[in-house]
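Let me begin by presenting the structure, written as structure tokens, before commenting on it.
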Amino acid sequence: MSNRLPVLAVSGSPSDMGAAHGAAYGSEIRAYAADRSALARAGTDLSRGEVVAIAESMLDAHHAYDADLHDEMIAMADAAEITPAEAVIVGGYTDFLDTVRSLAGGSAMEDTCTAVITPDEVSDGAGFLAQTWDMHSSATPHVFMLDLAPASGPRSMIFTTHGTLGQIGMNEAGIAIGINNLSMDDGRIGVTWPFVVRKALRQTTFAAAMMCIREAPLAGGHNFLVLDRFGEGASVEATPSVMAVDPLSDGPLVHTNHCLFPETERFESSRPATLQSSSDDRLTDATSLLADVSVHTSESLIALLRDERTICRRPIPPFDYESSGAVVMRPATGDMWACWGNPADNQFERFSGLGASRLE
């Protein structure tokens, strides 16, 4: 186990942070944006220009939802020498697929991630939010950690990819947020999920973080998982049309890539049988592995994320999804454990003090 997570520290105004991100990884962002734009056209008759035009029509929604994050995205795009519309695609790709599917009949899907929240009562007094980040294997080289110190608002450590403002993270106020993709048919011109993650990480209370999800005019479907330092948590299935909330109680919450509530299920896309089976099996196996542990720890959750029966994934044609990284967060203590690439093959690194130090 050798590959370590690259860490980029950025600070200052939204434009300062975006420019630093884009300057540090300009060539990687350009390559990743080109790849995502091509993949998004699958199953459509759209040209690349037409795909980018759909993304361009979404810029106003992003600005209206959060002007500061919009400024950060534009500064990142300028520094990386891509267009703002390409920044929407490279950052919000999985939600963008739902929009393309709704508008042009696209067939591209990403069946990704297994996530859990454990309550304080069965976690030695301080619960965890843990997940794999699964994606098409071409995404793995783009994984890195963003150590974010904004001029105003809490500091955050964020697991993300080149050109994406934020995917999974925890802030110094003890708000942690994770995600799972849902493939939905009710996509629209709207806001992509990284903006929701980052806006939630600017909050200092669980209620405020949840409001960021509730108020987002989403472009596509996602499962958001939120846990705070007091042990309050929830799993949220959110689509452009409807939302279902599963609050944390005395047992773990587990989510994979299919809807668990009838109100969201009715908007869910038809998926290949192998993808549905994978999501079902991962939900079953994660639930079973959690039930086998009486007290959850960082070590037991890392072992869960490394389990290769179903959860820790390796690329298999034709979809070629793999676990490109994994994260374990404990908001009550401010500790995060994360790895680059396949969790079964690579070292988890502990980030304490939200990036202030790295502990082996």
Hey, if you drop one equal point scatterer on each alpha-carbon of the stretch 63-122 and run the Debye formula without solvent, what base-10 log of I(q)/I(0) do you get at q = 0.25, 0.30 Å⁻¹?
-1.01, -1.14
T274 accessible area, assembled protein chains, probe 1.4 Å, Å²:
90
Using only the alpha carbons of the stretch 143-242, determine the length spanned along each of the three principal axes and report them from longest to shortest in whole angstroms.
36, 31, 21
For the stretch 207-346, what is the per residue volume of the convex hull drawn over the alpha-carbon atoms, in cubic angstrom?
133
Per residue, how much accessible area does the chain have with a 1.4 Å probe, in Å²?
34
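Measure off, as a whole percent, the carbon and sulfur share of the 1.4 Å-probe accessible area of the chain, all protein chains present.
51
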For the chain, what size does the Cα cloud have along each of its three principal axes, sorted from largest down, in whole Å?
53, 46, 39
Based on the mean of other Cβ atoms within 10 Å per residue, sort peptides 69-80, 155-166, 312-323, 27-38 so the most packed one is first.
155-166, 69-80, 27-38, 312-323
Amide H contacts of S324 (H built 1.01 Å from N, under 5 Å, at least 5 apart or other chain):
W133, D134, M135
Once phi is turned into θ = phi - 60°, what whole-Hz ³J(HN,Hα) does the Karplus curve with 6.51, -1.76 and 1.60 give for every residue of the stretch 279-295, x standing for Gly and Pro?
5, 4, 5, 5, 4, 5, 5, 5, 4, 5, 5, 5, 5, 6, 10, 7, 10
Among 112-118, 284-290, how do they line up from the highest to the lowest mean number of other beta-carbon atoms within 10 Å?
112-118, 284-290
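The values are calculated or read from the model by the stated rules, or taken from the named source; none is laboratory data. What you see is a predicted model, and the numbers here were worked out from it, not measured in a lab. Cβ sites come from the backbone with ideal geometry, for glycine too, and all protein chains shown count toward neighbours. Each accessible area value is taken on the protein alone, full model and side chains, heavy atoms only, with ligands, DNA and RNA left out. Shrake-Rupley method; radii C 1.70, N 1.55, O 1.52, S 1.80 Å.
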